[in-house]
Structures are given as C-alpha cells and as structure tokens.
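Participant: Let me give you the structure first, and then I'll get to my questions.
The values are calculated or read from the model by the stated rules, or taken from the named source; none is laboratory data. Quick caveat, the model's predicted, so the values are computed rather than measured. With ideal geometry, Cβ positions are generated from the backbone for all residues, glycine too; neighbour counts draw on all protein chains shown.
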Amino acid sequence: MNANRATLVAISALLTAAGLAWAADFTVVQRSQEFSVRDLEVRVGDRVTFVNGDNVTHNVYSETKGMEFEIELQPPGRSDSITFARPGTLEVRCAIHSGMRLRVDVKP
Amino acid sequence: MARAGLSRATILRVALSAALALPACAVAQEFRLRVPLGLDERALLIPADNPLTQEKIDLGKQLFFDRRWSKTKSVSCASCHQPQRGWSDDRRLSVDHEGKPTRRHAPTIINRAFSTLEGWAGHRSSTEDLLLQLPFTSAEAIEGNLGLVAGYKAQFQRVFGTPVTAQAVAKAIAAFQRTLLSGNSAYDRYRAGDAAALSAAARRGLALFEGKAACVKCHNGFNFSDQGFHNTGIGTALHNPDLGRYEVTKRNVNKAAFKTPTLRDVARRGPYMHDGSIATLREVVAFYDRGGIANPSLSPDMARLGLSASEQDDLVAFLESLSGEITPQASQQPLLPP
C-alpha cells in the first residue's frame, strides 16, 4: 500500500513538474438571478462551467483587464465553460442583471 | 442600522460634545426607517457615509421641493417626481430648466433604498452621484443660490457642519428619497394572510403574473424588479433610437435596454415606459401580450403571451393591488426658508 502511494506521489510530482497536473472542473449555477457562489478559487488551467439554471437569459462576462471573456446570450438550460489561462482575480457579472456578481481568484 | 433610542454610546457622545462644544451635527441621532409590510428591511442600502438622521431628512425634503437650487430657479425634484403621481410625472417626457423636453420619462423614485444603479440606463451608481450630475443645476448654482438663504446656512451647519455645498445637498435629498417606501398594499396584506384583501380578479391576475404571463421573469422579488436591463422594443423604430444601457456598457446585449422599474404604486403613475409612450396600464399589458416590438436586440425573454381580453383585465386588477402606503407627511409641501 505504502509502495503504491509512493508511486502515485512520484507520478503526480513528475506530471506537475512537466506542467501536466490534472486540471479541475468547477460548476457555477445561475439561479434566481444570482451566481451559486460569491467567491471561487481555482488554479490556472482549471475549467469553470457556467450553467444557466434560471428561466431567463443571462449574459455572463468579465471585463477585468487581461482576463476578459464573454459568454454572450445564454438561454435557460445551457452550459458554457471557461478555462482560465493566467493567474489573477477577476469579477464576473451578467450584462442583463446588474446585481449578479462573482469573484474568481485564479491561483498560479 | 442603529436604533432610534438613546444608547449608552450616544449619551456619552452627547455629554462629550457638550463638554467639548462640538458642532451639533456630531451628535445627530440616527433615524430608524420604518419599513412597511411586504418590503425586506434586510435589503435596505443606506451608505455608510450618509446615515439617515431626522434633521437631514427634513432638510432633504425642503430641498426636494425647493426650485431655488436649479440654474434658472424654475424646477425642483418635485417638478418631475410629483408625489400625487406616484412620485413620477404625468407628462410623457419631463421638461428641463429651460422648458425643453428631456429624452426620457421621469421614473418613480419610491423604494430606491433597495438598489443603487440610478436612472433608466443605470448611468449613475448612487442617488448622491445622480444628484451631483443633474443637468438642471450645478455646484455654482447650488452654492450661489442657496448659500444666500440664511435659514439654509444655519441648517447645513447644524446637519453637516459645513456651509451649503453641492455634496451636502445631494446627501440630504438622497436621505429624504430613501424614506419614500411603498408597501402594505392590498397584495402585501393578501400575502400576509388576509384572503379578502384581493378581489377575485386580482387573484386571477396574480396567478397569471406568476404563470402564463410570466411577468415575474423580470418583475420579481419583493420590489417587483430584477434591477436588470431589457430591450422590449420600445423606441427602437425611431430613426435615432435611444440606446439606453448600451450608452453605459457598450455591450450589444444592452442596446435599447432599460431598467426594469418597480411595479409598486404602478397604477398611480403613467404614462409608462422609459419614453412615456404608453398611456395606460391596460395598453402596457396589451403591449407585452404582443411580445413587444421586434428589433435586432429584442430580449430573448420576450414572447407572445396569448392572453385573452379578460385575462389582460385581470392582470391590470392585480397591478392595481400593488398601490401601497407612503408616510403622508412625505407628500406634503414643506415650509421653505425665505
């Protein structure tokens, strides 16, 4: 058992060193015209999927300098994924519903 | 928010100020806003740098009705936000200090204590910010015109510890505006358990509002607004349409999109929409039943509703049940210092 664990740690370390560590997946749901979380911490390369769980259209975007993205019109039920390529903190909003705000902290 | 009763800290501050001869504004007591049935006190947004006090609210009310701080001394806030018209304007387009029509209809100012983005396009981030940038006045006009009024000079010293300034005028009027809360409507009493508060027609209208007509998609929450910006097609057929929220964000989704207004007290005001182009509530309901006006940026959430004439009447009956109570004293013209 200990030998297996040591092997896994070694492989993980090798992958990390090679920049091939597993990217994680996160899900943020839009419901009742709010994001399901207010703050989210991810790592560079992680994927965040935005799910429109509302019965209205959303338009998720961020205009934080250097980390801009826009999903544009997202009808109810649709999911769209964003991968963050660089570290930093960005504010995510909905262009239609001004009260919707999410802070994403992207760690190196 | 602090309670109205004297706390030990307040007593200590009063004693200290008396001993140190601090200006009276330093000991102004915080005002506890009475929130009527149906509104959510936890959602109140009172800026930390502009707490409510009775004296500030009283001063703000005087300024709200006083024409002397406009450039031409001809218009006040109450010229377009008329208490007897649901704090809105019965004219399609409001008129500026030179008598010229503005490009938008005056929105109601009730229940603004629950949100921050001001104006149909959300172009200002607070009431204070909006008041500081009104086109019908200027810092020079405010300080020049009101700074000569002895009564105001004394009041500003008492409330803010300063002479008359544009910033202090904005804070006082914003404080007064935040006290204009409309709740305790027939709808609120019905929700609170009084089954007889709504007529049968209004109850049917409520079911349509939340169901087939899907008005709650945008007119939701206790204040019947998602604080969102939507293109319903109003005004888009014009040669140079008003681009609304797009002017602020430059995002295509916001083209000709305007803020969802609260529906509280909606039957007391009119005409309706950001350009005042629809005269009656019944016509507004018919407009939404048609799915708005087709245009390239029409909100995807707009759709034909297929409401019968009697269903539309029921919706109007429900909307009429949203007329609430505002402290009567707020509507009465105050005495202005000569």
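Participant: Taking the stretch B:148-180 only, how many residues are more than 20 Å from the chain's Cα centre (by Cα) and surrounded by 15 or more Cβ atoms within 10 Å (Cβ to Cβ)? Quick ask: steps written out before the conclusion?
Facilitator: Initially, the stretch B:148-180 is screened for residues more than 20 Å from the chain's Cα centre (by Cα), giving B:148-166.
Still in the running and surrounded by 15 or more Cβ atoms within 10 Å (Cβ to Cβ): B:149, B:152-153, B:155-160, B:164-166.
So the answer is 12.
Participant: Is it the case that some residue within the stretch B:104-119 is away from chain A (no Cβ under 14 Å) and in contact with a Cys (Cβ under 7 Å, 6 or more places away or on another chain)? Steps first, answer last, please.
Facilitator: Applying the first criterion (away from chain A (no Cβ under 14 Å)) to the stretch B:104-119 yields B:104-113.
Pick out the ones that are also in contact with a Cys (Cβ under 7 Å, 6 or more places away or on another chain) and you get B:106.
Within the stretch B:104-119, one or more residues are away from chain A (no Cβ under 14 Å) and in contact with a Cys (Cβ under 7 Å, 6 or more places away or on another chain).
Participant: Follow-up. Counting only residues that are in a strand (DSSP E or B) and under 17 Å from residue A:74 (Cβ atoms), which one in the stretch A:88-103 is farthest from the other protein chains (Cβ to nearest Cβ)? Write out each step before concluding.
Facilitator: Step one: of the stretch A:88-103, the residues in a strand (DSSP E or B) are A:88-94, A:97, A:101-103.
If we keep only those that are under 17 Å from residue A:74 (Cβ atoms) too, we end up with A:92-94, A:97, A:101-102.
Working: A:92: 14, A:93: 10, A:94: 8, A:97: 4, A:101: 12, A:102: 16 Å.
Ranking the candidates gives A:102 first.
Participant: A further question on this structure: From (1) within 14 Å of chain A (Cβ to nearest Cβ); (2) under 14 Å from the mean Cα position of the chain (by Cα), pick out the condition that doesn't hold for residue B:123.
Facilitator: Condition not satisfied by residue B:123: (2).
Participant: Right, something else. Kindly establish whether residue B:256 is within 14 Å of chain A (Cβ to nearest Cβ) and in contact with a Pro (Cβ under 6 Å, 6 or more places away or on another chain).
Facilitator: Numbers: within 14 Å of chain A (Cβ to nearest Cβ): yes; in contact with a Pro (Cβ under 6 Å, 6 or more places away or on another chain): yes.
When the stated conditions are applied, residue B:256 passes them.
Participant: Just one of the numbered conditions (1) more than 24 Å from residue B:133 (Cα to Cα); (2) at pLDDT 90 or above is not true of residue B:57; which one?
Facilitator: (1)
Participant: Still on this structure, I have one more. Could you list, in sequence order, the residues of the stretch A:27-50 that are farther than 19 Å from residue A:90 by Cβ and out of contact with any His (no Cβ under 7 Å at 6 or more places or on another chain)? So that I can check it myself, show each step before the final result.
Facilitator: First, pick out the residues of the stretch A:27-50 that are farther than 19 Å from residue A:90 by Cβ: A:31-33.
Residues satisfying the conditions are A:31, A:32.
Participant: Within the stretch A:58-67, identify whether any single residue is without any contact (Cβ under 8 Å) to a residue 40 or more places away in the chain, in contact with a helix residue (DSSP H, G or I) (Cβ under 8 Å, 6 or more places away or on another chain) and closer than 24 Å to residue B:218 by Cβ, and answer yes or no.
Facilitator: There is at least one residue in the stretch A:58-67 that is without any contact (Cβ under 8 Å) to a residue 40 or more places away in the chain, in contact with a helix residue (DSSP H, G or I) (Cβ under 8 Å, 6 or more places away or on another chain) and closer than 24 Å to residue B:218 by Cβ.
Participant: What are the residues in the stretch B:271-302 that are in contact with a helix residue (DSSP H, G or I) (Cβ under 7 Å, 6 or more places away or on another chain) and away from chain A (no Cβ under 14 Å), if any?
Facilitator: Matches in the stretch B:271-302: B:272, B:278, B:281, B:282, B:285, B:286, B:289.
Participant: Within the stretch A:24-31, is even one residue within 14 Å of chain B (Cβ to nearest Cβ) and either modelled with pLDDT of 95 or more or closer than 27 Å to residue B:250 by Cβ (or both)?
Facilitator: Taking the stretch A:24-31 first, the residues within 14 Å of chain B (Cβ to nearest Cβ) are A:30-31.
Still in the list and also either modelled with pLDDT of 95 or more or closer than 27 Å to residue B:250 by Cβ (or both): A:30-31.
Looking for residues that are within 14 Å of chain B (Cβ to nearest Cβ) and either modelled with pLDDT of 95 or more or closer than 27 Å to residue B:250 by Cβ (or both), one finds at least one in the stretch A:24-31, hence yes.
Participant: Can you tell which of A:66, A:77 is more than 14 Å from the chain's Cα centre (by Cα) and more than 14 Å from chain B (Cβ to nearest Cβ)? Reasoning before the result, please.
Facilitator: Working: A:77 fails: more than 14 Å from chain B (Cβ to nearest Cβ).
It is A:66.
Participant: What are the pairs with Cβ atoms under 6 angstrom where one residue, in the stretch B:78-106, is at positive phi and the other, located anywhere, is crowded, with 17+ Cβ neighbours inside 10 Å? Sequence gap at least six, or different chains.
Facilitator: That search, which allows pairs on different chains as well, returns B:86/B:108; B:86/B:265; B:86/B:268; B:86/B:269; B:87/B:81; B:87/B:108; B:87/B:109; B:87/B:110.
Participant: If you check B:220, B:231, which single one turns out to be within 14 Å of another protein chain (Cβ to nearest Cβ), in contact with an Asp or Glu (Cβ under 9 Å, 6 or more places away or on another chain), of a type outside the set (Phe, Trp, Tyr) and more than 25 Å from residue B:52 (Cα to Cα)?
Facilitator: B:220
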